[in-house]
Structure formats: structure tokens, C-alpha cells
Amino acid sequence: MSIFTMVMFLIIIFQGATHLVPVPKLDGEFEKYERPSFSAQDFASGEYQRLLSRFIGYHYGFSEWTIRLYCQYFWSVYHRSPVRQVAVGKNNYLFEPYFVEDLYESRMYKYTTNPEELIQMFDQQSQRLAKVQAILAEAGVHTLVACIPGKTNIYPEFAPPRDTLTRPLGPRAIEVYPPLFDKYGVNYINLNQWFLDIKDTASYDLFPTLGTHWSNVASTFAFDTMLRYMGHISGQPLRPVVLSHLHEETSPRWPDNDLEKLINPLFHIKVNRPYKYVDVDYAPLPPNVRKPKAIVCGDSFFWNITYNFQLDSLFDYCHYWFYNSTIYFDSLFSSTHDSGFDYVDQLLSTDYLILFYCTGQLYDLGINTTDAAGNIITQALVRLCYDPQIIQAQIQQICQTIRGDANWIARLDRKATDRGLSLDQMVEEDARYLLFTRPEDYFPELAAPGIPTVRCSKFRNR
Amino acid sequence: MIFSSHIFLLYFLPLFLLGYFLTPDKWRNLTLLLGSVIFYAWGAPDFILVLLGSTIANFYLVKAMHRAPQPATKKLFCTLAILLSMGLLAYFKYANFFVDNVNALLTAFGLDSMSWTKVLLPIGISFFSFQSVTYVLDTYRGINPPMRRLTDYVVYIIMFPQLIAGPIVRYTDIADQITARRRLRWEECLQGFYRFIIGLSKKVLIADVIGRTVDVTLGGDIAALDMGTAWITIVAYTMQLYFDFSGYSDMAIGLGRIMGFKFPENFDNPYTSTSITEFWRRWHITLGAFMRNYLYIPLGGNRGSQLRTYFNLWIVFLLSGLWHGASWNFVIWGAYHGFFLVIERLMGIGRQRRTWMVLPTFIIAVVGWAIFRIEDLPSCWLFISRLFSFDFTGFALSAHPQFYAMLVLALCFAFITFFPFGKRLQQWVFYTNYTSRCHIPVWVVSLLLFFLCLGALSATSFSPFIYFRF
């Protein structure tokens, strides 16, 4: 038995080195750790050991099984998730914690503790969006916001207990934005409300028990509704979609169990409710109707749509700007982070600009996750109105103001060191940030009520 | 390198053991030496030369001491060897503490403080310094002759199973095993493996889990803690410390057994003690033995007046406290225990085992751990005041069910030998040679626990995202 034990250890080492035995990989996306290269200097400082330990922690032989074993133990014994990205509610309903936070406290606290301030922020963003919508409408581009439901909004009865969340409930984006959109005339479709309306009568789950995104079937019906709304605001109906054969399946289709996958148990979590799916077909394209072009800027809830619909059948193209930072142009399987593309060109050549955000992400409407200054609404507003030279001149002016302030420079100097940038780069980045987060402070025409009259030359010469 | 790491468990240990088992008996110490140097150098490459240098110097000093014909010369070499070991300990462990206190005094008197570059603490120095001292003094006292071979001595000092956190193995207890161990038997190896897994599980599945909540609570606002939260937290810390430290000792003892050594036990159900005196016979036994043999008895032990005995006891515990860490809270913790030992002597407590005394003894130990855990003295005092605040408003501890489950499990294990069946269970698990039929289920359970520990070690920082791009 001692020999058995020793052989077992050697097999683990061998598997760690060769990964010869195929083992199902862990689900979810992970930080990728590379095997560090050895250097005497790194060894002496302990850095090599630290990096190697971190690497081995996830790459030893059969690590997938040991991690799954632990996750299964955690789930089975404590009925909790071993990973912090998943919160367990009643009847095995799984949730992402930030939706739970939005249910009990609202995500307001991420931005401010003052409800008035949050509402003011949303008000300003709605006004900007109304301006962008009006400007783009001159170019024949239709803008709309799709307010996508969040799981805790639709199924609060299954949410985990309030637990550590103790602050009073603040205003929620999904409650504040729709009246503001009405006030400023922004096109929007409130699918959250639609889900609430049909919750008691729908014969299928609006959200799957083990997933964070809207269910495959519910998202399909919802998108069909949204397509009709798009046709309504443009006056050009889209190619009709035919939904039929609502049926049950025994195992879930991705991403109906995306949160279960994050838990990585050895065995599937038992669910009492059936998984339902619907077949999607496309009616023939009516004569003289062309397929429109669309840009969808939004969060991961749009992935469901890309799985369920052949977007090529509906659109000439449908670019997916995932969080406005990972751009899927021609294929949903290859993306780019290249921010070198021209916003104005892109916006002026599409037919629809759709902002597609779930209730938890609506607070960050238009956000760019990799560029703090890259909110699509302010970017579009500024770039549609002003030429790049004017924008750059304004940025340089802000840079000068920054350089004249010793405290500001000192602060940016520290920030530059932390981020490995030169001070000049940091100053320019800060100036860009200011200009694109508070454009009204630098371009008085944008602050004035009503639609700005100024346009960039590309817009004028389109 | 620490035992509860993937690199140790999955690479170093199997490869070392493979090499060790394949080495002929007479070369095994060399394999062990090589493994121990790699083990130490991996975690503290800067200090391996300090460790080896001081160990080699000590070996030759003791050799010279042994050969010296005159008692005065012997004494001189003995003093030099002890000064070398304790000098290193004093420099590396206490220099910063000393300078900080001197600077605090200078500042208090309005003087400029001394400039000083902080000294890093070589891992395990408290243990190997004490082992060196036992070697010097046991040889000086003629209990054992010195080692003939330098490599054997270095093995004794830096043998990796007990290098980092003990047990402090007295030279006289292991001298024979180093030079002439029994041939390895597979039953012994397996028993060692089981013991190692028990220790690993105590550390990874119990102590670390409990520790995460303790760290969060004590890292927060202590003033806001209600009495219930404060007690649960400190009892949890009491269990964390015990399962962490005794788990490490179990791993060391198990590893030693796999290699053919028999290390002394370091813990014997300390929380079932009925007095603080008994507690110290059951908690960190090898340190207690060291302090008794090499400090308390040389100071005069209980051979002098009663007052002198109390003084000796108190000094021993003061220094025991300081040995645990260079900070005032450890000194106070040592003095706290010394105080109760003196009280017990004065009142005659502990001569007879009284079952009901388990609870007050446990409470004294628990409050002592508060002093031990919270280095900042005002915070420590604040925490102790919260323990007795009788404020039951707003139970603030928000812990995962796993914390409570492990805490209850830890309490059960800590007190199980209070009952006869627990004693029988302990005897069977730790000290009985299993039959072949027993080995199979125990082996399977051990492997399951081992893989669970591996998973837990990865899962602690396991944090996948649905869409990483976000």
C-alpha cells in the first residue's frame, strides 16, 4: 500500500507535467498563470517560488478533479457556493451577488451614498442620450435602450437572505431611468417590466434556476418583442421571426446553467423545473425590405440572443460592442479591443444603435470597461458634434490647467508611477477622462438645453 | 516551503521520499540533509548560509568542548556555543524589538532616535536555536557524546520535518535514531502517512477555515463587537491556533515516522486540562520540556525557597512568552500564564485533577489567547473589555456555515478525550498498529482527505468568472 501511495503521487506528477490523461477542464474563465522562468535573482528574492507555487496551484495533475471534489463537498455539506461569484438562494436558485446587492440595497452605493446625487447622475445621462438620439436621427440612425431584467428583480422570492447587506435601500436604476427616458423622449423598451407582467402566466422559467442570465426561451420571446419595437420606431419592420415548438429538454443549453458551471461540482445540481426551449425560424424577407445594420452595445445578456438567433438572417450586420470595449465585428467568435476605429464612422453607417443593459448594469449605461473615458454616450455626443482637432485642443487646454496645479500634478505623478506611465501620458489621460465624463464643462453648447446645433465635419459631409 | 502547499505535497515530498527510499541505509542521512537544505533554501534562500554556517560552527565548538581536558575550558566552549545559538536568535528575532523600544524611550525624552535597518527573521530560528542548545548542554552534561559526523549533526538541526515549527527534539531523544535507525517498515510508513494527513486536514480543513473569519472579525472595528461575537471569535481563535499548531506537529511526527524517526509528541489534549499547570504539560510539550530542563532547573527549579520557586516559574513563563514573538503582548501573555501558575502553586490547585476545573482553565487559556493574538495593546485591552462587556445587542458575527461547522467539529475533537470513548478512539487512531484489514479503509479515507485538502488549497483563491472579459 505504501508503494501504491508512492505510485499515485508519481502519477500525479507525471500528469501535471504531461496532462496525458484527458480531464474535463474546470468551467468558467480564470486568470491565466504562466510557468515562471527561472532566474537566480528571482529565486533569491523568493519571487520565482511565489510564481511557481501560484502556477502549480492550478496546474498539478488532476487538479480539476480535486477542485471539483472540494466544490462538491462545499455544496453538499454547506449548501453554499465555494466561489464568491455565486450566491445561493432558496430552492437551489443561484444568483450573482451584485444582483442580490441591487435587490436589497441598490447598487447606488457603488457610486454615491446620496440618492439625489444618483438621480441627478441618471438625469444628466438621459439628457445626453436624448441629444445623441436626436443627432443620430438626423442621419437616419435609430437609438434605443433595452432595459433587460435582472434575476433578483423577477424572482426576489428565491433570492438569498439579506445577510451582510445592511444599508437602506436606495433608488434602483431600473426604477429611475424609465421615467427619465419618458421625460426626455429617449426610445426604450422595458423588458424588465414585461417580464414582471408575464411572470405569473408564462409557462416557462423567465430565469433558469442555475443561471444568471435570462432563460434561453424567455430571452428569445423578449428579443422577438424587441425586434417588433425596433420596426415600430424606424417605421421599417424587420424580417419576421417565427417561434414554435415550445418543448422540454432534460439537460440545459448554455448559458442556462452558467452559475452551476462556476460552482464546478462533481455532479449536476438537482433542479425540479424543466428546461424549456423554443425553435426559431425566419419568415421570408419581404420584397423591397432590406436587412438593417445594427450596433448593440451592452452586457453579457446579449450573448443569449447570439446563441438563439441567426443574426445574419435578421441584420445586414449586427456588431456587438461588449461593454463597449470588446468589439465583435464580423464574427461573434473573434473580437478586438482595438479602440482605433472611428466612432463617428461606425455610428453614422448603422441603422440602429441599441444600448442593451440588464438592471444591475444599467447604473453604468454606456460604460466602457477598459477605458474610463470611453462611455459611448458621452463619446458619441462629443465626437458627433466636434472635429478631432477641436477635441484635442480642448484636451491640451485641460492638460495645461492640470500642469498649473502642483497638488494635482503630485497626485498624477503617484498614479503614473503606479500604472507605469509617464507623467505626460497620465496628464493627458486625466484630461481625456475629464472631457469625456463631463463634456458640458468644456463645451458650453452641450450644456445648453435642447439639441446642440454644432456638428463635426464628417457628420456634415456624410 | 510550507507543508500545506502544493509544491511540497505534490513535488517535494514524493520526490524526496522516492530518493530517500531508494538510497541505501547508510546514505539516507545525506539524502535527508540534501532534502532539508533544498526545503529551507526554497523558502529562505538568504538565510540558508546563516543556518549552515552557525550549525557547522556549533558542531566544531561542541567537539572542542568534548575534547577539552579542563572543566574551565569545557565551560568556555559550552558558553561560546550557547552564545552563538542564542546570539543569532537574539539578533534576528529581538534586535528590531530592542531598537524600537530604545527609540520609543529616546523619543519620550525628546532625543533623536537611532537609525536602524530592520532585520528579517529567518524562518524556524526559534526552533533550531533551541535544538542547538539541547545538543550543547546534553553533550556538556555528558548525557550523550557528540556526533561523530558533521553531516549527522546538520541533519539533526535542519531535518526538514521539524525545522520550521518543531517539535523541539531534544538531542538525547534522537541521537541514536540519527546514527542508527531501524529499517523502514511499510506499516510504519503508512502510519506516518496517516498521521501526516490528519495534521494536514487539521490545518487546511479546520484551522484555515476558522482563521478566515477570525481574521475578518479581529481586523474590523473591535469596539463595535458585542459580547457574543467577541467570545465566539476568541474561542474560534483558540481552536484555530490549536489545530494549526498541533496539525503541524502531527505532520512533522508523521513525516518523521515515514522516514523512520520517532519524534516526541507535542500536544496532549491541552484544553481538557484542569489547571494551567496541567495545561502547560499538555500544550507545546517539547517547549515546556525545554524550558524545564534548560532554564527552570538551572535557575534552581523548586529547590530553593518558595518565593524563589515562584520567581523561577514566573521568569520561565516570561521568557516563554518572549520566545513566541518579539512584542510586548507576548511578554504579557507569558507573565499572565506565569501569574496563574504561581497562584495555583499558592492555592494548591492542580495537585489533584478536578473535572469541573476544565471550564475555568479553558476560559483562562482563552483570554490568554486574546493577549497572544492582538499585538496592539490598546486593541487587546479593548477586546478583553468587550469579552466582559455584557453587551448582547446586535450579534455582529456574520460567518459562513462552514465556519460554525468547523468550529463545532474542532470543539468536539478538542474535548473528545474528556470522555472515556474519546480516549479509546485517540488510542486507536494514533497509537495502535492497524491490522491489514484496517489499513484499506483508513488508507482510502486518508486519500480522500488528502485530495480534499489539495482542492481546498486551490479553492481558497479559486475565483472563476462567467465571462472573464468583463
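Residue under question is B:Leu105, and the condition is that it be more than 28 Å from B:Ile158 (Cβ to Cβ), at pLDDT 85 or above and either in contact with a Leu (Cβ under 9 Å, 6 or more places away or on another chain) or surrounded by 13 or more Cβ atoms within 10 Å (Cβ to Cβ) (or both); does it hold?
On the way: more than 28 Å from B:Ile158 (Cβ to Cβ): yes; at pLDDT 85 or above: yes; either in contact with a Leu (Cβ under 9 Å, 6 or more places away or on another chain) or surrounded by 13 or more Cβ atoms within 10 Å (Cβ to Cβ) (or both): yes.
Considered against the rule, which asks whether it is more than 28 Å from B:Ile158 (Cβ to Cβ), at pLDDT 85 or above and either in contact with a Leu (Cβ under 9 Å, 6 or more places away or on another chain) or surrounded by 13 or more Cβ atoms within 10 Å (Cβ to Cβ) (or both), B:Leu105 comes out as yes.
Output the number of residues of the range A:164-179 satisfying the condition of being outside any loop (DSSP other than H, G, I, E, B) and without any contact (Cβ under 8 Å) to a residue 60 or more places away in the chain.
Total satisfying the criteria: 4.
Criterion first (under 28 Å from B:Leu313 (Cα atoms), charged (D, E, K, R), surrounded by fewer than 18 Cβ atoms within 10 Å (Cβ to Cβ) and over 23 Å from the mean Cα position of the chain (by Cα)) does B:Arg351 satisfy it?
When the stated conditions are applied, B:Arg351 passes them.
With the structure loaded, tell me whether B:Phe392 is away from every other protein chain (no Cβ under 13 Å) and at pLDDT below 90 or whether it fails that test. Before you say what the answer is, go through the steps one by one.
Values: away from every other protein chain (no Cβ under 13 Å): yes; at pLDDT below 90: yes.
Yes.
Are any of the residues in the range A:362-383 in contact with a Cys (Cβ under 6 Å, 6 or more places away or on another chain) and at pLDDT below 95?
Yes - at least one qualifying residue is present in the range A:362-383.
Give A:Asp224, A:Asp281, A:Asp256 a once-over and let me know the one that is part of a helix (DSSP H, G or I) and either within 14 Å of chain B (Cβ to nearest Cβ) or out of contact with any helix residue (DSSP H, G or I) (no Cβ under 6 Å at 6 or more places or on another chain) (or both).
Answer to the selection: A:Asp224.
Condition check ((1) part of a helix (DSSP H, G or I); (2) surrounded by 22 or more Cβ atoms within 10 Å (Cβ to Cβ); (3) more than 14 Å from chain A (Cβ to nearest Cβ)) across all residues:
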site	(1), (2), (3)
B:Asn144	no, no, yes
B:Gln162	yes, yes, yes
B:Gly166	no, yes, yes
B:Asp173	yes, no, yes
B:Leu184	no, no, no
B:Phe193	yes, yes, no
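Within the range B:1-90, considering only helices (runs of 4 or more DSSP H) that don't extend past its boundaries, which have at least 1 residues that are away from chain A (no Cβ under 11 Å) and at pLDDT below 90?
Qualifying helices (runs of 4 or more DSSP H): B:28-43, B:48-67, B:71-89.
Is there a residue in the range A:47-60 that is in contact with a helix residue (DSSP H, G or I) (Cβ under 6 Å, 6 or more places away or on another chain), at the interface with chain B (Cβ under 10 Å from one of its Cβ atoms), in a loop (DSSP other than H, G, I, E, B) and touching a residue at least 40 places away in the same chain (Cβ under 8 Å)?
Checked against the condition, which is being in contact with a helix residue (DSSP H, G or I) (Cβ under 6 Å, 6 or more places away or on another chain), at the interface with chain B (Cβ under 10 Å from one of its Cβ atoms), in a loop (DSSP other than H, G, I, E, B) and touching a residue at least 40 places away in the same chain (Cβ under 8 Å), the range A:47-60 yields at least one hit.
Scan (1) part of a loop (DSSP other than H, G, I, E, B); (2) outside the structural domain of A:Leu180 (by TED's automatic domain parsing) for the single condition A:Glu429 breaks and write down its number.
Evaluating A:Glu429 over (1) part of a loop (DSSP other than H, G, I, E, B); (2) outside the structural domain of A:Leu180 (by TED's automatic domain parsing) leaves (1) as the failure.
Evaluate the following for A:Asp123: is it assigned to a helix (DSSP H, G or I), within 22 Å of the chain's Cα centre (by Cα) and either more than 14 Å from every other protein chain (Cβ to nearest Cβ) or on the phi > 0 side of the Ramachandran plot (or both)? Break it down into steps so the answer makes sense when it comes.
Working: assigned to a helix (DSSP H, G or I): yes; within 22 Å of the chain's Cα centre (by Cα): yes; either more than 14 Å from every other protein chain (Cβ to nearest Cβ) or on the phi > 0 side of the Ramachandran plot (or both): yes.
Considered against the rule, which asks whether it is assigned to a helix (DSSP H, G or I), within 22 Å of the chain's Cα centre (by Cα) and either more than 14 Å from every other protein chain (Cβ to nearest Cβ) or on the phi > 0 side of the Ramachandran plot (or both), A:Asp123 comes out as yes.
Would you check if there is a residue in the range B:425-438 being within 23 Å of B:Phe330 (Cβ to Cβ), of a type in the set (D, E, K, R) and more than 24 Å from the chain's Cα centre (by Cα)?
Start the filter on the range B:425-438 by keeping residues that are within 23 Å of B:Phe330 (Cβ to Cβ), which leaves none.
So far as the range B:425-438 goes, no, none of its residues is within 23 Å of B:Phe330 (Cβ to Cβ), of a type in the set (D, E, K, R) and more than 24 Å from the chain's Cα centre (by Cα).
Could you tell me whether any residue of the range A:145-165 is among the hydrophobic types (A, V, I, L, M, F, W, C), within 14 Å of chain B (Cβ to nearest Cβ) and more than 24 Å from A:Gln346 (Cα to Cα)?
Within the range A:145-165, one or more residues are among the hydrophobic types (A, V, I, L, M, F, W, C), within 14 Å of chain B (Cβ to nearest Cβ) and more than 24 Å from A:Gln346 (Cα to Cα).
Mind checking which residues of the range A:65-120 are assigned by TED's automatic domain parsing to the domain that holds A:Glu260, part of a helix (DSSP H, G or I) and more than 20 Å from A:Ala159 (Cβ to Cβ)?
Within the range A:65-120, A:Pro115, A:Glu116, A:Glu117, A:Leu118, A:Ile119, A:Gln120 meet the criteria.
Could you look through the range A:1-30, keep only residues that are in contact with a strand residue (DSSP E or B) (Cβ under 9 Å, 6 or more places away or on another chain) and in a loop (DSSP other than H, G, I, E, B), and pick out the one that is nearest to the other protein chains (Cβ to nearest Cβ)? Full working, then the answer.
Initially, the range A:1-30 is screened for residues in contact with a strand residue (DSSP E or B) (Cβ under 9 Å, 6 or more places away or on another chain), giving A:28-30.
Those left that are additionally in a loop (DSSP other than H, G, I, E, B): A:28, A:30.
Working: A:Gly28: 3, A:Phe30: 5 Å.
Across the range A:1-30, the extreme among qualifying residues is A:Gly28.
Would you confirm, using the coordinates I've provided, whether A:Tyr78 is within 29 Å of the chain's Cα centre (by Cα) and facing chain B (nearest Cβ under 7 Å)?
no
Consider B:Tyr135 against the criteria (1) in contact with a helix residue (DSSP H, G or I) (Cβ under 6 Å, 6 or more places away or on another chain); (2) surrounded by fewer than 16 Cβ atoms within 10 Å (Cβ to Cβ); (3) in contact (Cβ under 8 Å) with a residue 40 or more places away in the chain: it satisfies all of them except one. Which criterion is unmet?
Unmet for B:Tyr135, out of (1) in contact with a helix residue (DSSP H, G or I) (Cβ under 6 Å, 6 or more places away or on another chain); (2) surrounded by fewer than 16 Cβ atoms within 10 Å (Cβ to Cβ); (3) in contact (Cβ under 8 Å) with a residue 40 or more places away in the chain: (2).
For the range A:31-46, name all the residues that are more than 11 Å from chain B (Cβ to nearest Cβ) and surrounded by 12 or more Cβ atoms within 10 Å (Cβ to Cβ).
Listed by number, the list holds a single entry, A:Pro36.
Quick check on my filter: what residues within the range A:1-30 are of a type outside the set (A, V, I, L, M, F, W, C), touching a residue at least 40 places away in the same chain (Cβ under 8 Å) and surrounded by 17 or more Cβ atoms within 10 Å (Cβ to Cβ)?
Within the range A:1-30, A:Gly16, A:Asp27, A:Gly28 qualify.
Can you say whether B:Ile157 is outside any helix (DSSP H, G or I) and either touching a residue at least 12 places away in the same chain (Cβ under 8 Å) or farther than 25 Å from B:Ala326 by Cβ (or both), as far as the supplied structure shows?
Spelling it out, it is not the case that B:Ile157 is outside any helix (DSSP H, G or I) and either touching a residue at least 12 places away in the same chain (Cβ under 8 Å) or farther than 25 Å from B:Ala326 by Cβ (or both).
Of all residues in the range B:308-356, which are modelled with pLDDT of 85 or more, over 22 Å from B:Ser129 (Cβ atoms) and of a type in the set (A, V, I, L, M, F, W, C)?
Within the range B:308-356, B:Phe311, B:Leu313, B:Trp314, B:Ile332, B:Ala335, B:Phe339, B:Phe340, B:Leu341, B:Val342, B:Ile343 qualify.
If the requirement is being surrounded by fewer than 20 Cβ atoms within 10 Å (Cβ to Cβ), more than 23 Å from the chain's Cα centre (by Cα), assigned by TED's automatic domain parsing to the domain that holds A:Gly235 and not in a strand (DSSP E or B), which of these qualifies: A:Asp418, A:Asp345?
A:Asp345
Name, by its number, the condition in (1) farther than 13 Å from A:Phe99 by Cα; (2) not in a helix (DSSP H, G or I) that does not hold for A:Pro161.
It is condition (1) that A:Pro161 fails.
Quick one: what pairs do we get from the range A:68-95, first residue in contact (Cβ under 8 Å) with a residue 24 or more places away in the chain, second assigned to a strand (DSSP E or B) and of a type outside the set (A, V, I, L, M), C-beta under 6 Å, 6+ apart or different chains?
A:Ala87/A:Phe95; A:Gly89/A:Phe95
Taking A:Asp42, is it assigned to a loop (DSSP other than H, G, I, E, B) and of a type outside the set (Ser, Thr, Tyr)?
When the stated conditions are applied, A:Asp42 does not pass them.
Listed here are the residues, each with its yes/no results for (1) of a type in the set (Gly, Ala, Ser); (2) under 19 Å from the mean Cα position of the chain (by Cα); (3) modelled with pLDDT of 90 or more.
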{"residue": "A:Ser234", "(1), (2), (3)": "yes, no, yes"}
{"residue": "A:Val242", "(1), (2), (3)": "no, no, yes"}
{"residue": "A:Pro274", "(1), (2), (3)": "no, no, no"}
{"residue": "A:Tyr277", "(1), (2), (3)": "no, no, yes"}
{"residue": "A:Pro292", "(1), (2), (3)": "no, no, yes"}
{"residue": "A:Val296", "(1), (2), (3)": "no, yes, yes"}
{"residue": "A:Phe302", "(1), (2), (3)": "no, yes, yes"}
{"residue": "A:Trp321", "(1), (2), (3)": "no, yes, no"}
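So, A:Glu64, is that one within 11 Å of chain B (Cβ to nearest Cβ) and acidic (Asp, Glu) or not? First the steps, then the outcome.
Numbers: within 11 Å of chain B (Cβ to nearest Cβ): yes; acidic (Asp, Glu): yes.
The answer is yes for A:Glu64.
The values are calculated or read from the model by the stated rules, or taken from the named source; none is laboratory data. It should be emphasised that the depicted structure is a prediction, and the values quoted were computed from it without experimental measurement. Every residue, glycine as well, gets a Cβ built from its backbone with ideal geometry; the counts of neighbours run over all protein chains shown.
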